[in-house]
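Every number here is computed from the coordinates shown, using simple stated rules; none is lab data. All of these numbers come straight from a predicted model, not from anything done at the bench. All Cβ positions, glycine included, derive from the backbone under ideal geometry; neighbour counts span all protein chains shown.
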Amino acid sequence: MALHDIVSPLPGTFYRRPSPDADYYVALDATVAAGAVVGLVEVMKQFTEIGSEVPGRVVELLVEDGEPVDAGQVLMRIEG
């Protein structure tokens, strides 16, 4: 199985859930479908959904909820 990086398309703040009281989009070892939303990046109150381009299993979470990220930074890895 190949590893696929999910990267931030822009700099901002990464969120692993849609709101502070909601469950995370994905957890470690979760199975995701291609196109599934796995997080959000916020820039100036604008939220961009981050999706998985491939189906597979989340094997690494590299950024915590609410952590600043740079464009091109790897957020998580999917084995698929």
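Here are a few things to note about the model shown:
- Applying the set (1) in contact (Cβ under 8 Å) with a residue 60 or more places away in the chain; (2) within 13 Å of the chain's Cα centre (by Cα) to GLU79 leaves exactly one unmet item: (2).
- Selection within region 1-20: residues that are of a type in the set (D, E, K, R) and closer than 17 Å to GLU67 by Cα. The member of this set that is surrounded by the fewest Cβ atoms within 10 Å (Cβ to Cβ) is ARG17.
- Filter result (touching a residue at least 60 places away in the same chain (Cβ under 8 Å) and touching a Phe, Trp or Tyr at 6+ places or on another chain (Cβ under 8 Å)) within region 8-62: SER8
- Residue ID - farthest from PRO11 (Cα to Cα), chosen from residues in region 24-53 that are among the β-branched types (Val, Ile, Thr) and surrounded by 15 or more Cβ atoms within 10 Å (Cβ to Cβ): VAL32
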